[in-house]
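J.: The structure follows.
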């Protein structure tokens, strides 16, 4: 990646910039399981959880160019495995930021005592994401047929991806 990666924990003041990154991805309806017309309030409720961690990546000018969340994938005896979600600003896609953010989030997950990272719904048509997550060490461990209703492609498979983080 050609740019510096400045990642910090998201604050309340970051939300408007975070929403500006999330909104195009959520409204495209091609990768996240939200209604395409999800409101800002619904998006915020989905993205930010009290038991999770949210991060923002900024470029050298301080603009938010990527975001992610980490949270337990399950409760109780399954809370040592995290789930994560990422969105990269449209203007910087294809530059390796997703891979770098995923790797950085794995370090954050380890610091939070997670021993594995699991993605529950990686849409099969999202080749860039699949490639990025594989470069960051995740593997496809299963595929759910027709698990996602893509706005252009119709019902499409979704992958479950996993990486052990040690511990």
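J.: Within the range 48-69, work out how many residues are under 20 Å from residue 91 (Cβ atoms) and touching a strand residue (DSSP E or B) at 6+ places or on another chain (Cβ under 6 Å).
T.: The number of residues fulfilling the criteria is 10.
J.: Moving on. Filter the range 87-105 for residues that are outside any helix (DSSP H, G or I), without any contact (Cβ under 8 Å) to a residue 40 or more places away in the chain and under 19 Å from residue 137 (Cα atoms) and give the result.
T.: Of everything in the range 87-105, just one residue is outside any helix (DSSP H, G or I), without any contact (Cβ under 8 Å) to a residue 40 or more places away in the chain and under 19 Å from residue 137 (Cα atoms), namely 94.
J.: I've got another one for you. For the range 27-47, enumerate the residues that are closer than 24 Å to residue 128 by Cβ, out of contact with any strand residue (DSSP E or B) (no Cβ under 8 Å at 6 or more places or on another chain) and assigned to a helix (DSSP H, G or I).
T.: Residues satisfying the conditions are 27, 28, 43, 46.
J.: Suppose we filter 19, 15 for residues that are in a helix (DSSP H, G or I) and either in contact with a helix residue (DSSP H, G or I) (Cβ under 6 Å, 6 or more places away or on another chain) or in contact (Cβ under 8 Å) with a residue 40 or more places away in the chain (or both); which single one remains?
T.: 19
J.: Restricting the search to the range 148-164, which residues are touching a strand residue (DSSP E or B) at 6+ places or on another chain (Cβ under 7 Å), farther than 18 Å from residue 25 by Cβ and surrounded by fewer than 18 Cβ atoms within 10 Å (Cβ to Cβ)?
T.: Across the range 148-164, the qualifying residues are 155, 157, 160, 164.
J.: Next up: If I filter the range 74-86 down to residues being over 13 Å from the mean Cα position of the chain (by Cα) and in contact (Cβ under 8 Å) with a residue 12 or more places away in the chain, which single residue comes out as surrounded by the most Cβ atoms within 10 Å (Cβ to Cβ)?
T.: Out of the qualifying residues, it is 81.
Matching residues to (1) surrounded by fewer than 18 Cβ atoms within 10 Å (Cβ to Cβ); (2) closer than 30 Å to residue 13 by Cβ; (3) at pLDDT 95 or above:
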site	(1), (2), (3)
68	no, yes, yes
94	yes, yes, no
125	yes, no, yes
131	yes, no, yes
140	yes, no, yes
167	yes, no, no
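The values are calculated or read from the model by the stated rules, or taken from the named source; none is laboratory data. None of the values given here were measured: they were computed from a predicted structure. Here the Cβ is made from the backbone with ideal geometry for all residues, glycine too, and neighbour counts use every protein chain on show.
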